[in-house]
Number of protein chains: 2
Amino acid sequence: MIDIKRLWSDIEAVAAIGRRPEGGVSRGAFSPQEQQARTYLVERMRECGLEVVTDAAGNIFGRLDGEGVGEGAAVIAGSHIDSVEGGGDYDGVLGVFGALECLRTLRDRKARLRRPVEVAAFADEEERFYGFLGSYAFTGRLGYSEIAEVTDADGVRLVDAMQALGLDASAIAGARRPAEEIHAFVELHIEQGPILDREGLSIGVVDRVKGNYRFNLRVEGRSDHAGAPPEGRCDAFMLLHRLIARQLSRQAESGDPELSCTIGRVAVEPNIETVQPGVAECSFDLRSSVPEVLRDAQAELERAAEELAEEHGAAIRISSILREEPLQFDAAVVAAIDAAAGELGYARRFIASGAGHDAQVIGRYVPAAMIFVSSVDGRSHCPEELTRREDIERGVNVLYRTLVALAG
Amino acid sequence: MIDIKRLWSDIEAVAAIGRRPEGGVSRGAFSPQEQQARTYLVERMRECGLEVVTDAAGNIFGRLDGEGVGEGAAVIAGSHIDSVEGGGDYDGVLGVFGALECLRTLRDRKARLRRPVEVAAFADEEERFYGFLGSYAFTGRLGYSEIAEVTDADGVRLVDAMQALGLDASAIAGARRPAEEIHAFVELHIEQGPILDREGLSIGVVDRVKGNYRFNLRVEGRSDHAGAPPEGRCDAFMLLHRLIARQLSRQAESGDPELSCTIGRVAVEPNIETVQPGVAECSFDLRSSVPEVLRDAQAELERAAEELAEEHGAAIRISSILREEPLQFDAAVVAAIDAAAGELGYARRFIASGAGHDAQVIGRYVPAAMIFVSSVDGRSHCPEELTRREDIERGVNVLYRTLVALAG
């Protein structure tokens, strides 16, 4: 079993890096704060005797190799150490330092392994510059042309931020690791949802990642005085409201209780109390594990938009921002996780991930799966994010046994 | 009958003051542009031999008095010459220069009148600083304490803007005109709605002004990841959406086809695609001529908010921003307008005003009513605002005959 005290001191040490006075941590990718966390990670990896490599994307790997360890494709476990602005202490960090703790335990026990085992920290998972930068590059899906002009919200160029850490962005394609060198990838992560907490379970065996279709809905109507009579209006916000209402009521009939819809961004023009908006716009984020549900929702959205636009003489534009299909994780890796939790006697359930994770990028390339641990009230990406110490211990123990099963 | 050519040259001259290169006019109250329009108006009034007075609120009056004109309470006709940013050529201007044209016609004919007749231009109708400043002060509803700290959207103080025009804001209470000095007030205005245009009518006899209840709706839910499962969310925007949907469906049953609802201002926090909003806020503007309809709508809104808040553990706050009760205009003034249009043989209808006008403030103080002329497509407060020259001529003729009936 792993040493929770040793792991806990790592989690606390990293949580202190980028800590904001008002609570939460800010360790955007390639920031000075994240650089400090990178240094801390590399030092711990070296203490453990791992062979440390930082690739061209800024991904950090620590490899347990050598005496008593077989050759061939590696089993990799990890996550990320960057954070959103004002994020929590566990998101990403748990998966990296939990994996490191597993490797420390393997080394302490001088475990004999058929395969090398690695801990990985992937760069810019949280999209300061380019979401999943590290895992995209690792799986060969990213070249320099795609990132040459990328900036963060403040206009800082990714290329410059990488250079400040000694990384040459123009070499990013070189971060690709051939698939045949990877036997499996396992990511331990907090749930970022309340299901496990609500059901009183510590462990979720993540067998699938929801697909994520994201759209921008833009209605161009006719701005007019709020005193105009109700008939004959072409109020862009009212049309957007009706489009959303129609869509939500249709989606309720989709038969998929896991289908989620989030409208996170909303804007109207001219945004004045006494003026009917001429333009109304919002984001529309749909997530489901069932490919047909997402496709049907998109088709219905497009149909409803067309009908409303024609009915009211408005222009309604639906643009796709993101189209990630659902992913079924590798059955053998899922089974290894489930068996590990079973052997430890932990109550568990199969669960879908609604959030995006490095494992969903890597899982399209090599066999992968995830372990979730319970988040109190399902909170994440906020200072209140909390996973109980006992759940962390259980999660890392499951990861440990899974790695032993896959590499041992 | 009035001289449309003479009037047209005034309208064109004023439309050139504050004209923006991109179209529309900007003559905010007490701006240098509005000052130019004031000067133009005063010059035309003097040419007509009117006795010109600017009161302590910056309202301008031109009085036809003296030989052949009786004593006692005056009949006043007018509107305003300030504009919104990028407004149209007719809103307000028509009512002032139309009235001036009527007085010119009376003077040309050396009409014998039982009562003095005045043309009035009321200050800051369009709320650069304080909506209806002029008509509030004129009817004794405004003291210095209410305006001492008022600024425009750019932080310019009303007191300073008035001083630049030689007006002493601290004396504003002195703008009150005793009600017994006013026999009636008539305002000619463009419709700011499409009803007359749609029905092919030139003239609307405005017998009532809709009441206007305006609220701020604020939902405080719980911000969470867009990847969280659908159950157990407390997404502030989704709750706001449901509140609006519930309210709109109940209002549809109000039995008042004139009830209008405008949501002109919308905001969510943190306003990020991948995050469920923790806070969602909007304005909610309701207009109806029926007092019970407005009161019931408010009660239903409050009930729905309470139910939703309890159901989802959110906080929903409804704050009142404005509460103007509906106003029935004076029956005798309405009848005089209707009779004038009838004598001229113009097709007309009774109509409610949905927009706010000086006449609705003044109509709570002395007998008043309004004449609407058709707006092409109902557009207003925009460069596209247009009233046909023939409709303007008809509207001013109705105003002329109405003044003759009330003062002659």
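Brief remarks on what is shown
- Distance from the C-alpha centroid of the range B:303-338 to that of the range A:167-228: 43 Å, rounded to the whole angstrom.
- Summing Cβ point charges (Lys, Arg +1; Asp, Glu -1) relative to the Cα centre of the protein assembly as shown gives a dipole of roughly 100 debye.
- For chain B, a crude dipole built from +1 on the beta carbon of Lys and Arg and -1 on the beta carbon of Asp and Glu, taken about the Cα centre, is about 1060 debye to the nearest 20.
- Measuring only protein heavy atoms, the 1.4 Å probe finds B:Phe284 accessible over about 0 Å².
- A simple spin-label model places the labels of B:Arg250 and B:Glu12 5.4 nm from each other, with each point 7 Å out along Cα-to-Cβ.
- Once the C-beta distance of B:Glu307 and A:Arg198 is scaled by a Förster radius of 25 Å, the resulting FRET efficiency is 0.60 to the nearest 0.05.
- Accessible-area order (highest first, 1.4 angstrom probe) of the listed residues A:Asp296, A:Asp65: A:Asp296, A:Asp65
- Charge dipole of chain B about the Cα centre (unit charges at C-beta), most positive-ward option of B:Ala252, B:Gly92, B:Gly408: B:Gly408
- Residue among B:Asp168, B:Asp330, B:Asp82 with the largest mean-square fluctuation in a Gaussian network model of chain B, springs linking Cα atoms under 10 Å: B:Asp168
- Position A:Glu22: other-copy label points at 3.2 nm, ordered by increasing distance, label point 7 Å along Cα→C-beta.
- Figure legend: label point modelled 7 angstrom from the Cα of B:Arg20 along Cα→Cβ; residues of the range A:218-259 with amide N under 19 Å from it are A:221-226.
- Computed lengthening from B:Asn271 to B:Arg107, 0.36 nm per intervening residue step minus Cα-Cα distance: 52.9 nm
- Note on surface exposure: A:Asp124, B:Asp108 rank B:Asp108, A:Asp124 by accessible area, highest first, 1.4 Å probe.
- Nearby aspartates and glutamates by direct alpha-carbon distance to B:Lys110 (threshold 13 angstrom, same-chain neighbours under 8 apart not counted): B:Asp65, B:Glu67
- Here the range A:116-141 and the range A:15-51 have alpha carbon centers that stand 16 Å from each other.
- Based on protein heavy atoms only, the range A:189-319 ends up with 34 Å² per residue of surface accessible to a 1.4 Å probe.
- Exposure of B:Tyr346 as accessible area (Å², to 10), given a probe of 1.4 Å and all protein chains: 30 Å²
- Computed label-point distance, nm, for sites A:Val42 and B:Tyr144 using a 7 Å Cα→Cβ extension: 7.1 nm
- When the accessible areas of B alone and A alone are added and the area of the pair subtracted, with a 1.4 Å probe, the result is around 4300 Å², both sides summed.
- Peptide A:233-239, shielding by other chains (average Cβ, 10 Å cutoff): 3
- Interface residues of the range A:193-212, defined as those losing at least 40 Å² of solvent-accessible heavy-atom surface relative to the isolated chain (probe radius 1.4 Å), are listed as A:Arg198.
- 0 to 90° range, to nearest 10: angle between helix B:4-15 axis and chain B longest Cα axis: 50 degrees
- Residues in the range A:105-141 that a label on A:Glu67 would reach, taking backbone N under 19 Å of a point 7 Å out along Cα→Cβ: A:105-117
- Angle of helix A:389-407 to the longest C-alpha principal axis of chain A, folded into 0 to 90 degrees and rounded to 10: 70°.
- Shielding by partners - mean other protein chain Cβ count within 10 Å, residues of B:66-76: 0
- Accessible-area composition of chain A, carbon plus sulfur, in percent [1.4 Å probe]: 47 percent
The values are calculated or read from the model by the stated rules, or taken from the named source; none is laboratory data. Quick caveat, the model's predicted, so the values are computed rather than measured. Neighbour counts are summed over all protein chains in view; Cβ atoms, including those assigned to glycine, are modelled from backbone coordinates with ideal geometry. Side chains are part of the model used for accessible areas, which takes the heavy atoms of the whole protein and leaves out ligands, DNA and RNA. Shrake-Rupley method; radii C 1.70, N 1.55, O 1.52, S 1.80 Å.
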